[in-house]
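This report concerns only the one structure given below.
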Amino acid sequence: MGRSDTSMRASRVAAAAGDARGRSPLPRRLGARALLGIACAALSGCGIVCAALHDPATLPATATDPRVHYETGADAYADAVARALPAAMAEIESAQGRPFAHPLVVGAYVDDRAYAAANGTGHAKTNGTTLFDRITLAPRLWREEPDRLDAYLAHELSHEHLWGTLGTFNYVRLPAWFIEGLAVWASSGGGAQRVTVAEATRAVRSGQSIAVPDAAPLLFLSRLSPPANLNGLEGPRASHMAYRQAGMFVAYLHDSDPNRFQRFLDRLYAGERFKVAFEASFSTTVNVQWGLFVASLPPA
Ligand SMILES: [Zn+2]
């Protein structure tokens, strides 16, 4: 599906390196968004409140990239992140059609509790999270899947790029399948590695499909859920099935007409509601495009 690693991680390091502008203004930006943060905190437990009190920007930064911060013991992790960051940012800027809107920080953690306190969710189940202009990367990613660091970093950078460009109010109204599908597609499969395109094709062909609504149901409660009738897939594999399907759908939307896809993104970047931008760009509803996508898949 979609994009090849070579086309994305090649020659845009210099462009992305120009974004190294030092310490993020995250605390100030969190303050400016306090009202929304309070509303979100009410919906997500202490996650965002805890995150506001555990800003990775207060941790030491790597010598090579002042955007990358780390807790004690995570210096090797942070160095690997710093090496990967410029190419990953260039990859996302290329896929999503414009530079990042804001400076960002990345935090690398080796302690699960510290990661949970800083990442905005309050738990350590994920390999990475994005919160405003802050990306936090999990101890588990470095312990168990260091070879997938680049892809997960790029996946989170896709969220950061979209969030920073749209602003929080418009970002949280996007359907989860689009946020995650865009990130999987733009990162060449980041977050979906445990399920192949062939496996996802078979699932869709047999009716085990994600839901593709044209809006988020409620602020910050939008999550991409696995197909309800999955057989034999549990835990991360079930999540990766959902992410793989979403990534394949976004790849289909892009590959069927890349210029149209970019115009669609530009409409979102300009502040249009997802449903309005989608139907104006594709001249159909999301459900009709999903049907065309399914019809384009090879037989199971
Ligand atoms: Zn994601």
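What to note about this one:
- Filtered by the rule that a residue be hydrophobic (A, V, I, L, M, F, W, C) and closer than 19 Å to T62 by Cα, the range 94-140 gives L104, V105, V106, A108, V110, A114, A118, I135, L137, A138.
- Flag if F278 is under 22 Å from G167 (Cα atoms), buried (at least 19 other Cβ atoms within 10 Å of the Cβ) and of a type in the set (F, W, Y): yes
- Any hit, the range 229-250, residues being within 20 Å of the chain's Cα centre (by Cα), under 17 Å from G97 (Cβ atoms) and not aliphatic (A, V, I, L, M): no
- Complete set of residues in the range 152-173 that are closer than 16 Å to S94 by Cβ and crowded, with 24+ Cβ neighbours inside 10 Å: L153, A154, H155, L157, S158, E160, H161, L162
- Residue within the range 161-168 that is touching a strand residue (DSSP E or B) at 6+ places or on another chain (Cβ under 8 Å) and either within 11 Å of the ligand (Cβ to nearest atom) or free of Cβ contacts under 8 Å to residues at least 40 places away in the same chain (or both) present: yes
- Condition met for L182 (in contact with a helix residue (DSSP H, G or I) (Cβ under 9 Å, 6 or more places away or on another chain) and either within 12 Å of the ligand (Cβ to nearest atom) or in a strand (DSSP E or B) (or both)): yes
- Condition met for G207 (within 16 Å of the ligand (Cβ to nearest atom) and either modelled with pLDDT under 95 or outside any helix (DSSP H, G or I) (or both)): no
- Considering A114, A101, A176, the condition of being within 12 Å of the ligand (Cβ to nearest atom) and surrounded by fewer than 22 Cβ atoms within 10 Å (Cβ to Cβ) is satisfied by A176 alone.
- Tally, over the range 125-152, of residues that are in contact (Cβ under 8 Å) with a residue 40 or more places away in the chain and farther than 18 Å from D112 by Cα: 5
- Residue within the range 137-146 that is at positive phi and more than 16 Å from the ligand (Cβ to nearest atom) present: no
The values are calculated or read from the model by the stated rules, or taken from the named source; none is laboratory data. Source: prediction; values computed, not measured. Glycine also receives a Cβ, built like all others from the backbone with ideal geometry; neighbour counts cover every protein chain displayed.
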